[in-house]
Amino acid sequence: MEALFYVIPLLMIALAVAGGVGVVRGSRRVSSAWGSGLTAEGRCLRTYTTTSGGGDTMVSTTLHHVYEFTTREGSTVRFEEQNGPGTVLEGDIVTIHYTAEHPERATAHTPARGKLAAGTGCALVFLGVFIVFCIGFMLVVHTMFTAADDFLGQ
């Protein structure tokens, strides 16, 4: 029973670390696409929304865009991106930022390095606080079990 008070927080810490790695990877992907200097004219092929939640939880809606563009080498690339501007509709022409090595990791988001850094930083701070809370919880539980063992003479 005591092990649950260690295993569950450790699993939660592992998920938080994985989430942090995902946030940093996504940020680096977008930043490298913006920094490469390669742009192309692309077209929005489709927009759609997905919803999650409901019942006892808050409903969240995510806007998705499907874009297509042609690289300088002549390859046609189609990709999907979440949380784009709601003003981009099917058929609209947009500027695509991509890297030559991975054009499939392109973005149609307008460069905003400060906003990207702030969002990434806030997410990492939140995850860091969550990890510290889990570690603190484990320390408190450990202290309680140690004190109980000492009290019971075990």
Regarding Val17, is this residue in contact with a helix residue (DSSP H, G or I) (Cβ under 9 Å, 6 or more places away or on another chain) and farther than 25 Å from His142 by Cβ?
no
Taking interchain pairs and intrachain pairs at least six residues apart, which have beta carbon atoms under 6 angstrom, with the first residue in the stretch 24-52 and under 22 Å from Thr120 (Cβ atoms) and the second surrounded by 16 or more Cβ atoms within 10 Å (Cβ to Cβ) and of a type in the set (S, T, N, Q)?
Ser27/Thr120; Val30/Thr107; Ser32/Thr99; Ala33/Thr99; Ala33/Thr107; Ser36/Thr99
What about Ala123, is it closer than 15 Å to Gly26 by Cα and without any contact (Cβ under 8 Å) to a residue 24 or more places away in the chain?
no
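Bear in mind these aren't lab numbers, they're just calculated from the coordinates by the rules spelled out. Note that this is a predicted model, so its numbers are computed, not measured. Every residue, glycine among them, receives a Cβ derived from its backbone with ideal geometry; neighbour counts consider all protein chains shown.
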